[in-house]
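The values are calculated or read from the model by the stated rules, or taken from the named source; none is laboratory data. Please read these numbers as outputs of a predicted model, since none were measured by experiment. Glycine also receives a Cβ, built like all others from the backbone with ideal geometry; neighbour counts cover every protein chain displayed. For accessibility, only protein heavy atoms count, side chains too; no ligands or nucleic acids. Shrake-Rupley method; radii C 1.70, N 1.55, O 1.52, S 1.80 Å.
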Amino acid sequence: MQTAELLLELGRWYLMAGGVVAAAFLVFGIDRVEPSARGSYAFRPLLIPGICLIWPLVLYRWFTLEKHGEDAR
Amino acid sequence: MSVQYTPVIWNRNKIFYDAVLLIAVVLYLYIYIRVAPGFEDVTKPIDGAILRMRAFGSCAFLMLTVILCIGPLARLDRRFLPLLYNRRHFGVMTAGIAAVHANYVLTWYYNFSPTDKYVALLSSNTNYGQILGFPFETLGIVALLILFVLAATSHDFWLSFLGAPIWKALHMFIYAAYACVVLHVALGALQGAGDPIFTSVVAASVVLVSGLHFATGRMEARRDRGEETAKASLQEKGWLVAGELDEIDDDCAKVVTLSDDERVAIFKYDGKLSAITNACAHQNGPLGEGKVLWGCITCPWHGYQYNLSDGRAPAPFTEKISTYRLKLIGSTILLDPNALPPGTHVDPVEIGEAA
Ligand code: HEM
Ligand code: FES
């Protein structure tokens, strides 16, 4: 029982952290690292679930793209 | 990529595809829930919620099976290619159907207990050490999480943002999801009072998915071997490996150096390949740096033009340059280093499917 509660609590925190990353990325990050997204806004909410689920990977790509630019692609 | 992103790109083919898919899913669920129970053993009636849970679960399983078969089928036979193009809508729909299945489980089995239903789902059975009575739900949860991640990252944005290697590696997890679902069913539904139809459906799915992947793997290995032999025999005759198809951009050339004063420009244009000498007949300008228009190359220095298929300047001009023979084996370009007399016609190599 306790393990289950702990797992669910962890999952909740993970998704909440994902929500923060999603907000930051969609407001600041995406225009900086994804040229094709500039000026397109309608599709952005579509990315929120994905960012919440794999936000560590999103952060990793965000920083590599900031650092190395298009070479990292 | 300079195309702007939109939420979903639909065209007539995709709408047709999605419509057929939706109709098939609705039909399957309808038959499972409405029609099939009429043929069931009346002494063991199944409750409505359980029936719907099974309908959605088996539907998601079959959809996953089809998704995994499309890839190898398209590689075995090009006529399946149209199925491949819209696989992502298929995948998103599968994740949705599987979520409905899981939701039925949650609301039906765990809603009445005083504990939180998610806690109940995770803690009601933790006998991970045994096969019989294994908490197969956990395998379903893992599969569902994978399907969610794949569905959520199916937009074109993700392919570009994550980069192709990471995106592809991520989407390879579809196989892990399939394995989890097969185990989820094998350790769950199939352990009980076995339904022979469902058991054979699951067995057929596993045989089909692994059989198709095995067959495709063998076919590609055989083709690779054939290409290796063809390449080796051409090289024995003195042909050179000039490079790979994807090294050359459309309407541009790759310049291959044979000896210090001999360079060959291999052009890719209109789905074809042609090779001519890199040296312009006028003042040895670098033809490989020119651009192709209407099957003609224009020299970047003073604008002389030549047909790529025969190295002749279009009438009324009379300049001629050497041409070369090419062969395409798989995606590798091979070049006969012996120049043909200036103005000799060589049929361009059709790139065809390899492109
Ligand atoms: C949170 C995730 C999931 C949970 C909690 C869950 C739970 C269950 C449960 C309790 C059963 C009933 C077994 C029985 O009748 O003895 C079941 C059956 C089944 N599940 Fe899941 N499942 C989940 C995810 C999935 C996914 C993702 C798929 C497929 C893509 C799937 C496919 C099936 C199938 C095919 C059956 C057998 C249905 C039948 O008896 O005809 N499940 N699942
Ligand atoms: S060198 Fe090619 S046109 Fe003058």
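Suppose we take every Cα in chain B and form the convex hull; what volume per residue is that in Å³?
On the way: hull volume 69.7 nm³, N = 355.
Per residue, the Cα convex hull of chain B comes to 196 Å³.
State the percentage of accessible surface on segment B:132-214 attributable to carbon and sulfur atoms; use a 1.4 Å probe and exclude ligands, DNA and RNA. Mind showing how you got there, number by number?
Details: 3190 of 3870 Å².
Here carbon and sulfur together make up 83 percent of the probe-accessible area.
Against the longest alpha carbon principal axis of chain A, how many degrees, from 0 to 90 and to the nearest 10, is the axis of helix A:55-68 turned?
So the inclination is approximately 30 degrees.
Apply the Karplus curve 6.51 cos²θ - 1.76 cosθ + 1.60, θ = phi - 60°, to the phi angles in segment B:311-327 and return the couplings in whole Hz, x for Gly and Pro.
x, 9, 5, x, 4, x, 7, 10, 5, 9, 10, 5, 10, 9, 8, 10, 9
Taking Cα atoms, how many degrees apart are the long axis of helix B:196-236 and the longest axis of chain B, rounded to 10 and kept between 0 and 90?
For B:196-236 against chain B, the angle is about 10 degrees.
Any idea what angle helix B:136-152 forms with the longest principal axis of chain B, computed on alpha-carbon atoms, 0 to 90 degrees, nearest 10?
Rounded to the nearest ten degrees, it is 40.
Based on a Kirkwood Rh over C-alpha pairs, give the Stokes-Einstein translational diffusion coefficient of chain A at 37 °C and viscosity 0.692 mPa s in µm²/s. Provide the component values of the computation, followed by the final result.
Numbers: Rh = 13.4 Å.
The calculation lands on 246 µm²/s.
Output needed for the protein assembly as shown: three equivalent-ellipsoid semi-axes, defined as square roots of 5 times the C-alpha gyration tensor eigenvalues, in descending order, whole Å. Write down the numbers at each step before the final one.
Values: eigenvalues 622, 144, 72 Å².
They are 56, 27, 19 Å, listed largest first.
Stokes-Einstein diffusion coefficient for segment B:49-180 at 37 °C in a medium of 0.692 mPa s, Rh from the Kirkwood formula over Cα pairs: what value in µm²/s?
Here the translational diffusion coefficient equals 201 µm²/s.
Between B:Thr199 and B:Glu227, what is the label-point separation in nm under the 7 Å Cα-to-beta-carbon projection?
Distance between the two pseudo-spin positions: 4.4 nm.
Provide the FRET efficiency to the nearest 0.05 for the B:Ile33-B:Lys117 pair, computing r from the beta carbons and using R0 = 22 Å.
So, using R0 = 22 Å, E works out to roughly 0.45.
Describe numerically, in nm with one decimal, the distance between label points set 7 Å from Cα along Cα→Cβ at A:Leu6 and at B:Tyr85.
Between A:Leu6 and B:Tyr85, the label points sit 5.2 nm apart.
Return the tail of the calculated pair distribution for segment B:211-355, meaning the percent of Cα-Cα pairs more than 28 Å apart.
Pairs farther apart than 28 Å: 22 percent.
At a 1.4 Å probe, what is the % contribution of carbon and sulfur to the accessible area of segment A:1-49?
So the carbon and sulfur contribution to the accessible surface is 73 percent.
Which residues, if any, in segment A:39-55 lose at least 50 square angstrom of accessible heavy-atom surface (probe 1.4 Å) when the other protein chains sit next to their chain rather than the chain being alone?
Residues shielded by partner chains are A:Phe43, A:Leu46, A:Leu47, A:Leu53, A:Ile54.
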